[in-house]
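The values are calculated or read from the model by the stated rules, or taken from the named source; none is laboratory data. Predicted model only: the values in this text are computed from it and were never measured. Because the Cβ atoms are built from the backbone with ideal geometry, glycine has one as well, and the counts that use them run over all protein chains shown. Note: areas computed on protein heavy atoms with side chains; ligands, DNA, RNA excluded. Shrake-Rupley method; radii C 1.70, N 1.55, O 1.52, S 1.80 Å.
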Amino acid sequence: MPTGTIDPQPLGRTSWTVLIALAVLCLLAGIQPLMGTAVAWFPYVAVPAAIGLPFLLPALRPVPVGETTWLLWAVDLVAVAVLLVTAWVLLRAAVRKRPFPRPARAFGRALGVTVLAVMAANLVRGVAYSFVLHADLGTFLGTTAANLVFSALFGAAFGILVGIAVAIAAATARRPAVDDSPAPVSAGTPAPANVG
C-alpha cells in the first residue's frame with residue numbers, strides 16, 4: 001500500500017565527487033609539511049590566521065600537531081563533520097531537482113556547495129575560537145563578519161578545484177536513457193480506449 005512518501009534520490013556520481021573532494025582537501029589541510037610549503041609559496045593564505053581567523057579549511061588529522069590543544073583539534077574535527085554534512089544536505093536538495101547535471105551545471109553546483117560548506121565549517125570554528133579566547137561582543141561580531149568574508153573567498157578558490165573535478169565526472173558519466181514507451185497494461189486492467 002503506497003504511503004505517499006517519495007523515496008529520496010540517491011546521490012549520483014557528481015555528488016559523491018564533491019563529498020570525496022572536500023574530504024581529501026580537509027585531509028590535505030591536516031598535513032603540516034604540505035600546509036607549511038603552501039604558506040611559503042603563497043603567503044596570502046596565512047592572512048586569515050594572522051588576524052585571528054580560522055586557517056583555510058578545518059584540518060582532518062588523527063592527533064593535534066605541535067602545540068595545538070586537544071580542544072582545538074576536536075573543534076576542527078567537528079568543523080570537518082559540519083562541512084561534510086552541510087555539503088551532503090545541499091547536494092541532496094540539488095539532486096532532487098536535477099539528478100544528472102551537465103558539466104557546466106555540475107561545476108556551478110560544486111562551487112556553490114563548497115563555498116557554503118566552508119563558510120558553515122569556519123563559522124563553527126570561529127565561534128569556538130572566540131569562546132576559547134574569551135572575546136567580547138564587538139570582537140566576536142567583527143571576527144565573525146571577517147570570517148564569513150574570508151571563508152567565502154577561500155571557499156570559492158577551493159570550489160573551483162572541486163568544480164573542475166565534478167565537471168570532469170559529469171562529462172564522463174553515462175546518463176540514463178529516457179523510456180518513452182507506454183506503460184505496460186496488467187491482465188486485470190482494461191486497455192485505454194483509443195480516442196481520435
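Key figures for this structure:
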| item | result |
| --- | --- |
| Residue identified as at pLDDT 90 or above and open to solvent by less than 70 Å² (accessible area, probe 1.4 Å) among Ala110, Ala170, Ala94, Ala104 | Ala110 |
| Top-ranked residue of segment 42-66 - restricted to ones that are of a type in the set (Val, Ile, Thr) and part of a loop (DSSP other than H, G, I, E, B), ranked as most open to solvent (accessible area, probe 1.4 Å) | Ile51 |
| Search result, residues across segment 11-33 that are more than 15 Å from the chain's Cα centre (by Cα) and either in a loop (DSSP other than H, G, I, E, B) or loosely packed, with under 12 Cβ neighbours inside 10 Å (or both) | Gly30, Ile31, Pro33 |
| Any pair with Cβ under 9 angstrom, 6 or more apart, that starts in segment 54-76 at a residue that is basic (Lys, Arg) and ends at one that is open to solvent by 70 Å² or more (accessible area, probe 1.4 Å) and part of a helix (DSSP H, G or I) | Arg61/Leu27; Arg61/Gln32 |
| Options Pro48, Pro58; residue that is modelled with pLDDT of 90 or more and touching a helix residue (DSSP H, G or I) at 6+ places or on another chain (Cβ under 7 Å) | Pro58 |
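Listed here are the residues, each with its yes/no results for (1) within 17 Å of Leu123 (Cα to Cα); (2) among the basic types (Lys, Arg); (3) touching a strand residue (DSSP E or B) at 6+ places or on another chain (Cβ under 7 Å).
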residue	(1), (2), (3)
Gln32	no, no, no
Pro48	yes, no, no
Leu56	yes, no, no
Trp73	yes, no, no
Trp88	no, no, no
Arg92	no, yes, no
Arg105	no, yes, no
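Quick grid of which residues meet (1) open to solvent by less than 80 Å² (accessible area, probe 1.4 Å); (2) in a helix (DSSP H, G or I); (3) modelled with pLDDT under 90:
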site: Val127; (1), (2), (3): yes, yes, no
site: Ala145; (1), (2), (3): yes, yes, no
site: Leu148; (1), (2), (3): yes, yes, no
site: Phe158; (1), (2), (3): yes, yes, no
site: Leu161; (1), (2), (3): no, yes, no
site: Val178; (1), (2), (3): no, no, yes
site: Ala187; (1), (2), (3): no, no, yes
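Residue by residue, here is whether (1) open to solvent by 50 Å² or more (accessible area, probe 1.4 Å); (2) at pLDDT below 85 holds:
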position	(1), (2)
Ala38	no, no
Thr68	yes, yes
Val89	yes, no
Pro99	no, yes
